[in-house]
Amino acid sequence: MIVNKAFKFRIYPNKEQIELINKTIGCSRFVFNFFLGKQKEKDAYWYICEEMRQNGQLLVNDWKGEFLNKYETVKALPHLKKHYTFLKEVDSITLQKSVENLADSYSRYYKKQNKEPRFKSKRKPVQSYTTKQTNGNIAVT
């Protein structure tokens, strides 16, 4: 029998740490919304082509909308960092994880398990991000 354990910790960050946490949450939300907007544009283009096909303006809708590919979007993150320099200030693993969350939500949407993903809002009461501990980037003292 496998037993899983979980630990909850209450942290008391100083002002610099609070600022970094807020920047990280904001950048994670920005990356999620950016790629969600890109995917919604692709989906909208497919619907336009499909409507034109149904009206007889196009013979076939041969435009294949690409699904959100997690690996392609993770590869696009360094290019995105060149255009938006504030993304360089935060943990890169957090940005990759937000892309993975978006890809997972789209895969569930295409399998008809969930509703379509929505844009993240700053005004929601729960703000969070996910990261991994690599090379001692997280330390609790």
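The values are calculated or read from the model by the stated rules, or taken from the named source; none is laboratory data. The structure displayed is predicted, hence computed values, not measured ones. A quick note on method: Cβ atoms are made from the backbone with ideal geometry, for glycine too, and the neighbour counts reach across all protein chains shown. Accessible surface is based on the protein model in full, side chains and every heavy atom, while ligands, DNA and RNA are left aside. Shrake-Rupley method; radii C 1.70, N 1.55, O 1.52, S 1.80 Å.
Surface listing: Lys122, Lys38 arranged by accessible area from highest to lowest gives Lys122, Lys38, probe 1.4 Å.
Just need the relative contact order of the chain here, percent rounded to a whole number, with Cα pairs under 8 Å and 6+ apart. 32 percent. Spin-label model, Ile93/Glu72: points 7 Å from Cα along the beta carbon direction are separated by 2.8 nm.
Descending by average beta-carbon neighbour count within 10 Å, the peptides 45-55, 6-16 line up as 45-55, 6-16, the highest first. Summary of the geometry: region 72-141 and region 5-36, compared by the centres of their Cα atoms, lie 11 Å apart.
Which of Lys8/Lys115; Lys42/Lys82; Lys8/Lys88; Lys38/Lys120; Lys23/Lys97 have a Cα-Cα distance over 19 Å?
Lys8/Lys115; Lys42/Lys82; Lys8/Lys88
No solvent, one uniform scatterer per C-alpha: report log10 I(q)/I(0) for region 89-141 via the Debye equation at q = 0.14, 0.15, 0.22, 0.27 1/Å, two decimals. Computed log10 I(q)/I(0) values: -0.52, -0.58, -0.95, -1.11. On a 0 to 90° scale, report how tilted helix 15-55 is relative to the longest principal axis of the chain, with both axes built from alpha carbons and the result rounded to the nearest 10. It works out to around 10 degrees.
Taking 0.36 nm per residue of separation and subtracting the current Cα-Cα distance, fully stretching the chain between Lys111 and Lys5 would add 35.0 nm. Over all distinct Cα-Cα pairs of the chain, the Kirkwood formula returns a hydrodynamic radius of 17.8 Å.
Between helix 70-83 and the chain there is an angle of about 70 degrees, using the helix long axis and the longest principal axis of the Cα atoms.
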